[in-house]
Amino acid sequence: MLNLAHIRSQFPILTREIHGRPLVYLDHAASAQKPIAVIEAQREYLMHHHSNVHRGVHELSQLATDAFEAAREKVRTHIGASSTEEIIWTSGATDAINLVAQSWGRAEISPGDVILITRMEHHANIVPWQMLAEEKQAKLEVVEVTDEGVIDEADFQEKLKKNPKILAIIHVSNVLGTVNDVKRWTKKAQQVGARVLIDGSQSIPHLAVDVVDIGCDFFVFSGHKAYGPTGIGVLYGRKELLEKMPPWRGGGEMIDVVDIEKGTSYAALPHKFEAGTPHISGAIAMGVALDWMNGTGLQSIGDHERALGAQARHLLSDVEGMRFIGEAQERTGVVSFLIDGLHPYDVGTLLDQMGIAVRTGHHCAQPLMARFQISGTIRASFGAYNTMQEVDALAAGVERASRMLR
Ligand code: PMP
């Protein structure tokens, strides 16, 4: 059980008001709020330790480098990777997927090759592959999703017969909450020779992840959805693959020797993929965010959010014309819904007037919206700091908004 009063006291933003009402923040899936430990870690670093990393012999540069590399080690342990050489800092999940598409993809994808994604991907795990497919005259294939919002097993098997070179798959859907059995899908895809990239943006804040146990080749996530800062994220890649992949961005930090005449040789992993000055304070604070999640208890956080989600569905189902999108057995707490005859945007705007922050629209998953023949949903998503009272406020707010709009 989480000590909610204690948790909430660590999130300064939760005491603020919106439109004169107490903030009810139900948009964790878009970005998490930050505990004071994360905010303070950035401040502390900038106040006392800042310098550029890997560059100086001076004391501050050493301190900054040590803290930056210690954060990388925290990420490594958190996701069970074998070595920090496999942990690349990126600016976020989007950046990490683009890195794989552009580095691995440009080297490995040839005309006619198949790139496999699913219908429930976020645009971040669609568009980079579309761009690569266009450039290489490769083919983008899509595994369909059932009415319940789970991966269509038969279609998956069918698509595997096309011998994809890579499967890029979301771990937890930001719209449906579906938790995909990525270990199983990884195994199946690898049996036909595919590499597997997992988009863990919505799993890292809610579930324990072990990349070695899953067996994937690449795993990506953003810091800001896991109580960390914006502008920082991670690419995990198996060392053997990363070693073979060409660098993507060129510049300082990623080189060994630069010689105009003889050409440039590149730094060893992980720096080969980290051109330019990184987001040092972001990485350090992200390490603190992982500490915060582990200290609070990931299992308890996940259980709490699922209880909030279940109660939200229970209360919202009393609202006339309610329709939920996403009925998978294995789900996180996120709740996506529509109300017959009402536009999600109108409901969201009225909720905002009541201080309740939810997300409305396509949630960067337009192909999934098309599958359900809808233009968008209203989405309530939960973090460790949300309460049952906030779920009550949501249900009462939605009821009130739907009466006002009818
Ligand atoms: N994948 C999923 C499943 C997401 O929910 C998001 C963020 N909404 C992203 C990728 C992209 O994350 P970022 O914008 O932090 O790169």
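The values are calculated or read from the model by the stated rules, or taken from the named source; none is laboratory data. As the structure is a prediction and not an experimental result, all values here were calculated from the model. Glycine gets a Cβ as well: all are built from the backbone with ideal geometry, and neighbour counts include every protein chain shown. Please note that ligands, DNA and RNA were not included when accessible areas were found on the heavy atoms of the full protein model with its side chains. Shrake-Rupley method; radii C 1.70, N 1.55, O 1.52, S 1.80 Å.
Summary table
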{"read-out": "Computed over the stretch 118-214, the ratio Rg/Rh where both radii use C-alpha atoms and Rh is Kirkwood", "value": "0.94"}
{"read-out": "Local net charge near Arg313, Cβ-Cβ under 11 Å (Lys/Arg +1, Asp/Glu -1)", "value": "0"}
{"read-out": "Sites matching trypsin sites (Lys or Arg not before Pro) across the stretch 125-223 that sit in DSSP coil, with at most 10 neighbouring C-beta atoms within 10 Å", "value": "Lys161"}
{"read-out": "Inverse mean reciprocal Cα-Cα distance (Kirkwood Rh) of the chain, Å", "value": "22.2 Å"}
{"read-out": "Full-extension gain in nm, Ala70 to His50, via 0.36 nm per residue minus C-alpha separation", "value": "5.7 nm"}
{"read-out": "Potential extension, Ala30-Val257 segment - 0.36 nm per residue separation minus Cα distance", "value": "77.6 nm"}
{"read-out": "Mean separation of Cα contacts under 8 Å (6+ apart) over length of the chain, as relative contact order %", "value": "23 percent"}
{"read-out": "In the stretch 129-175, GluC sites (Glu not before Pro) in a DSSP loop with at most 16 other beta-carbon atoms within 10 Å", "value": "Glu144, Glu148"}
{"read-out": "Radius 14 Å from Cβ of His49, net charge of other residues (Lys, Arg +1; Asp, Glu -1)", "value": "-4"}
{"read-out": "Residue-normalised accessible area of the chain, given per residue in Å² at a 1.4 Å probe", "value": "41 Å²"}
{"read-out": "Cα-projected label distance for Glu330 with Ser82, points at 7 Å along beta-carbon direction, nm", "value": "2.5 nm"}
{"read-out": "Kirkwood-Stokes translational diffusion coefficient of the stretch 283-389, alpha-carbon pairs, 37 °C, 0.692 mPa s, µm²/s", "value": "214 µm²/s"}
{"read-out": "Förster radius 41 Å - calculated FRET efficiency between Thr349 and Arg249 (Cβ-Cβ, nearest 0.05)", "value": "0.55"}
{"read-out": "The chain, accessible surface, carbon-and-sulfur percent (1.4 angstrom probe)", "value": "50 percent"}
{"read-out": "Theoretical FRET efficiency, 1/(1+(r/R0)^6), r = Cβ-Cβ of Asp210 and His314, R0 56 Å, to 0.05", "value": "0.95"}
{"read-out": "Selected from Ala395, Ala96, Ala289 as most flexible by GNM, with the chain as the system and alpha-carbon contacts under 10 Å", "value": "Ala395"}
{"read-out": "Whichever lysines have a C-alpha closer than 18 Å to that of Lys272, once near sequence neighbours (fewer than 8 apart) are set aside", "value": "Lys239, Lys244"}
{"read-out": "Environment charge of Val114, counting only residues whose C-beta is closer than 13 Å and scoring Lys/Arg +1, Asp/Glu -1", "value": "+3"}
{"read-out": "Per-pair calculated FRET efficiency, R0 = 30 Å: Gln190 and Ile13 via Cβ, rounded to 0.05", "value": "0.10"}
{"read-out": "Lysine pairs within the stretch 113-198, Cα separation less than 24 Å, 8 or more sequence positions apart or different chains", "value": "22"}
{"read-out": "Stretchable slack from Gln62 to Gln157, in nm (0.36 nm times residue separation minus alpha-carbon distance)", "value": "29.1 nm"}
{"read-out": "Amide H within-cut-off set for Thr90, under 5 Å, with H built and near neighbours excluded", "value": "Gly233, Val234, Leu235"}
